[in-house]
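Asker: Questions regarding the structure given below will be posed in turn.
The values are calculated or read from the model by the stated rules, or taken from the named source; none is laboratory data. This one's a predicted model, so the numbers in the text were calculated from it and none came from an experiment. Cβ atoms come from the backbone with ideal geometry, glycine included; neighbour counts cover every protein chain shown. Calculation scope for accessible area: heavy atoms of the full protein, side chains included, ligands and nucleic acids excluded. Shrake-Rupley method; radii C 1.70, N 1.55, O 1.52, S 1.80 Å.
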Amino acid sequence: MKTFHKTLLVALLAIFSFGYASADFRFGVKAGLNFNNVNFQKLKDLTDVKDQFADKSNQTGWMAGVMAEFTIPIVNIGADASIMYARQNVEKTAFYSNRDFLDIPINLKWKIGLPVVNKIITPMIYTGPDFMFAFGKNTLKDIKEKKCEVGWNLGVGIEFFRHLQIQGGYCFGLNSVAKYTNLVGLNIPENDLKVKKNYWTLTAAYLF
């Protein structure tokens with residue numbers, strides 16, 4: 001996994017470096033909402049424990065920050081990167097977590113040019129990694145939450161008048177975000193439980 005992340009980072013830096021000189025480079029502000037869900041895996045046949053991790057509610061959080069984008073003309077392929085302050089709220093029967101993050105999504109993007117109306121409306125698709133670094137210390141009893149959460153974004157969007165971008169996507173959690181040192185008072189090994197966080201996002205960005 002570490003080799004994959006390093007390779008991906010080098011590739012993204014190469015793309016940014018190659019396209020910067022001739023590309024359409026813009027920056028702006030970005031804000032939106034996230035809708036979080038936590039998946040508990042590797043519980044095996046522990047049906048009594050599974051019941052304790054049933055969904056209590058899906059929680060809504062928010063994010064806000066800045067964004068930079070470049071697009072290579074003609075092919076309309078480019079990338080964007082954002083730096084945002086994000087609040088994620090998650091609640092289940094035995095898992096409750098409201099945490100603040102530095103959120104850094106880096107996406108490859110393809111803008112689908114439409115004849116005649118491309119100056120008014122431009123559809124797009126995007127995909128790429130999302131790195132979230134938690135602020136503060138873990139405050140949950142018997143739970144050790146990780147400082148860095150890594151996900152993979154996949155989404156679609158629409159750009160209006162070449163300035164306003166509305167995007168909706170889904171982020172798949174790639175790493176386990178928490179460990180239980182004492183699973184709800186039961187002596188269950190940490191490796192019998194894997195916690196992954198997936199979430200939907202809805203964002204709006206205005207680029208200058």
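Asker: Got a number for residues in segment 13-52 being under 23 Å from the mean Cα position of the chain (by Cα), modelled with pLDDT under 70 and open to solvent by less than 70 Å² (accessible area, probe 1.4 Å)?
Answerer: 4
Asker: Looking at segment 112-135, I want the residues that are open to solvent by 70 Å² or more (accessible area, probe 1.4 Å) and have a partner that is in a strand (DSSP E or B) and modelled with pLDDT of 95 or more with Cβ atoms under 6 Å, at least 6 apart or on another chain. Which pairs are those?
Answerer: Taking only residues 6 or more apart or on different chains, the pairs are ILE125/TRP110; ILE125/VAL156; PHE133/LEU102.
Asker: Among (1) open to solvent by 50 Å² or more (accessible area, probe 1.4 Å); (2) at pLDDT below 95; (3) assigned to a strand (DSSP E or B); (4) out of contact with any Asp or Glu (no Cβ under 8 Å at 6 or more places or on another chain), where does LEU102 come up short?
Answerer: (2)
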